[in-house]
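To start, the structure itself, in structure tokens.
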Amino acid sequence: MQTDQEKTARKLWQICEAFRIPGDFDSYDEIKVGNVNRTYRVNCRQPDGSPKSYMIQRINTYAFREPVKVMENIDHVTEHIRAKRPDKVALHFHHTGNRRNYVSDADGFWRLFNYVPSVTYNATQNLSVIRNAGEAFGEFQMLLGDFDVHRLHDTIPNFHDTRKRYEKLKADAAEVPAEKVREVAGELDWLLSVEDRACTLTDLYNRGELPLRVTHNDTKINNVLFDEKTDRALVVIDLDTVMPGLVGHDFGDAIRFAANRVEEDSPDAAKAGVNMAVFRAFAEGFLSQTAATLTKNEIDTLALSCFALTCELATRFLDDYILGSPYFKTDYPEHNLVRTRCQIALAKDMLGKLEEMEAIVWGCVRKSEEGAR
């Protein structure tokens, strides 16, 4: 009888064969990083005897309900980037004989792409790494600046529609027991007091004053692969949430995650706030790549986008808490409330530093313009 490891190895080689990988199967390792998909590094022996590794993922189709659309978006984006910079490291998703970049069978929904030797950082205060990450996400935007965004599927409708996030919070607060609302009255009142400011990007887009672009929508530092020796950014990964969006969505969420002085679920919300050195480093990297392509309205709202995305996530955490936490994974009953309070504290600090953040953004833009002359 086959062991579970042998069954997994056999399945992975079947996937390799479906993607027309030459040579022989050697071994595999399961990659434990990541909470959504199952990821394996498969080591093969090429026909000439040399080793070559690939990454295989089984997609979580509960999290991604329309995986074919996700893969079509990824195909469009990765092929466009590879064509524009053929001499650099890029993600390459292999295709089957019928030109699909996925395999769907009784065991799951699978994809296979090239393995890139590299390191990742879940969190870091190394400003060089932060700057390089900003540059990588900025280059991602720049390379897709001439891509027709309307070719992409909107795989998570209204993902960053802050108005709709607020509307849902208010609607749910009207339905849950009154004692639950009283428990979070302070958090709810503050979020509602800044609703219009937090919804500025959504409102500007709805008025046609901000352009739609290809956005990554998960701009955490650990979604960049770095060179093991130099810490230079190699390539942006985890493209499952690539879809139409606003440039501020990517910039704001990156800052919200990377520049907070504490973890997003820290119970000590009083210590939350913007690390301005991290903000400056990421902005320098991001705008070194994008400044020439952004509109004035986009630049004017980049600092505000950090506040907007922080408030948006706070509404989502609070909404989930009053509903009993059905969406976000929690470790204890008050986890989402703790997250809410930490995000609110961060948002308050951002408001106090907004002018300084705006000055840094425009300083980076001017520096980029001077460098281009």
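Remarks
- In segment 1-28, the residues that are part of a helix (DSSP H, G or I) and aliphatic (A, V, I, L, M): 9, 12, 15, 18
- Being touching an Asp or Glu at 6+ places or on another chain (Cβ under 7 Å), open to solvent by 10 Å² or more (accessible area, probe 1.4 Å) and modelled with pLDDT of 95 or more is a description that applies to residue 341.
- Options 196, 146: the member that is at pLDDT below 95, of a type outside the set (Gly, Ala, Ser) and either open to solvent by 50 Å² or more (accessible area, probe 1.4 Å) or not in a helix (DSSP H, G or I) (or both): 146
- Those residues of segment 238-247 which are over 12 Å from residue 69 (Cα atoms) and over 9 Å from the mean Cα position of the chain (by Cα), in sequence order: 244, 245, 246, 247
- Criterion (open to solvent by less than 50 Å² (accessible area, probe 1.4 Å), part of a helix (DSSP H, G or I), out of contact with any Lys or Arg (no Cβ under 7 Å at 6 or more places or on another chain) and of a type in the set (Val, Ile, Thr)) met by exactly one of 129, 176: 129
- The residue that is least open to solvent (accessible area, probe 1.4 Å), counting only those in segment 98-116 that are hydroxyl-bearing (Ser, Thr, Tyr) and under 30 Å from residue 228 (Cβ atoms), is 102.
- From 48, 29, 24, 87, residue being closer than 28 Å to residue 148 by Cα, without any contact (Cβ under 8 Å) to a residue 60 or more places away in the chain and not small (Gly, Ala, Ser): 87
- Boolean, residue 45 is open to solvent by 60 Å² or more (accessible area, probe 1.4 Å), under 28 Å from residue 218 (Cα atoms) and at pLDDT 90 or above: no
- Flag if residue 282 is within 25 Å of residue 224 (Cα to Cα) and assigned to a helix (DSSP H, G or I): yes
The values are calculated or read from the model by the stated rules, or taken from the named source; none is laboratory data. Here the structure is a predicted model, which is why all the values come from computation and not from measurement. Here Cβ is always computed from backbone atoms with ideal geometry, including for glycine, and neighbour counts include all displayed protein chains. The accessibility values were calculated without ligands, DNA or RNA, using every heavy atom of the protein model including side chains. Shrake-Rupley method; radii C 1.70, N 1.55, O 1.52, S 1.80 Å.
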